[in-house]
1. Note down the magnitude of the dipole of region 1-93 about its Cα centre, charges +1 on Lys and Arg C-beta and -1 on Asp and Glu C-beta and zero elsewhere, to the nearest 20 debye.
2. Taking the alpha-carbon centroid of each part, what is the distance from region 225-261 to region 21-89 in angstrom?
3. Please check: in the Gaussian network model of the chain (C-alpha springs, under 10 Å), which one of Asn229, Asn95, Asn218 has the largest mean-square fluctuation.
4. Kirkwood Rh over Cα pairs of region 143-226 into Stokes-Einstein at 10 °C, 1.306 mPa s: D in µm²/s?
5. Would you mind checking which residues have amide H under 5 Å from Val125's amide H? H placed 1.01 Å from N; only 5 or more apart, or other chain.
6. Which listed residue (Ile165, Gly4, Thr185) has the Cα farthest towards the positive end of the charge dipole for the chain, taking +1 on Lys and Arg C-beta and -1 on Asp and Glu C-beta about the Cα centre?
7. Enumerate the calculated ³J(HN,Hα) couplings along region 193-206 in order (Karplus 6.51 cos²θ - 1.76 cosθ + 1.60, θ = phi - 60°), each rounded to whole Hz, writing x wherever the residue is Gly or Pro.
8. Carbon and sulfur atoms: what percent of the 1.4 Å accessible area of region 78-118 do they account for?
Amino acid sequence: MKAGRQTTLCDQVAISGIGVHSGLPVTLTLHPADPNSGIIFVRSGMQGRYEREVRADVRAVTATEFQTVLGDASGPLVCTSEHVLAAIRGLGIDNVIVELDGPEAPIGDGSAAPFVTAIDQVGIVTQAAPRRYLQVLKPVRVTQKDGSYGELRPYAKGFRLEAEIEFEHPLIGRQSLAFDMDPQTFRRELSRARTFGFMKDVAKLWSAGFALGASFENTLVVTENRVLNPDGLRFEDEFVRHKALDAIGDLALAGAPLLGA
């Protein structure tokens, strides 16, 4: 285990776009933060109300259907937080303030790449405080009724991510991957993998208030036998890579980098 130092951004940087589910315009600004601050979401631009903030912590999760929603007793604060969280954790950033002037993080191209690009524009600085970790000491597993599961295991070399998905679809089927994660691996292998959806589900999603901002620019759209996006897939197994990206974002809600698999 390497005892690292905490990091933050060298300067603030903004990303604008729309929310994939709300379809509403939003600007997300990443700000440097002091040591031991962690990841904090701040909602600004709320008419007639004070700014609200919430720490990126599992206790702040208010919904997980099609997106990870963070909030507090006053209600949701930020929807679809997983991609920006994946970029922050994937690049090894410990302390950052994420300010939004809308209800949902911008979807960009459907991956974490726009956030990685923005962070690269300003750079990352090392701080004096030592980095804190969460070390997995024994296996912990959560299983769903359908047989799917998530598991944390001890792993001496750092953070390892193993993912497997299975869809009854000829273009996806069963896909798996395994990586020892570091910023270089995240950039190269996962950051550009895009969210995906099935054309047959569009009407149902719209009627439930989801995917109102989805398009070929931000979502891989799959029919019964092909991908509709003109540019095709970025990776042959882009589907599992995106699920792995989502997992990194959601695991950021543990509150500190994980030492485990």
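1. 160
2. Measuring centre to centre over Cα atoms gives 20 Å.
3. Looking only at Asn229, Asn95, Asn218, the biggest GNM fluctuation is shown by Asn229.
4. This corresponds to a translational diffusion coefficient of 101 µm²/s.
5. Answer set, sorted by chain and number: Thr8, Leu9, Cys10.
6. Ranked along the dipole, the leading option is Gly4.
7. Along region 193-206, the couplings run 6, 9, 5, 9, x, 9, 4, 5, 9, 4, 4, 5, 5, 4 Hz.
8. Carbon-and-sulfur percentage of accessible area, whole number: 60.
The values are calculated or read from the model by the stated rules, or taken from the named source; none is laboratory data. Computed from a prediction, not measured in an experiment: that's the story for all the values here. Using ideal geometry, Cβ is built from the backbone for each residue, glycine included, and neighbour counts are taken over all protein chains shown. With ligands, DNA and RNA removed, areas are computed over all heavy atoms of the protein, side chains included. Shrake-Rupley method; radii C 1.70, N 1.55, O 1.52, S 1.80 Å.
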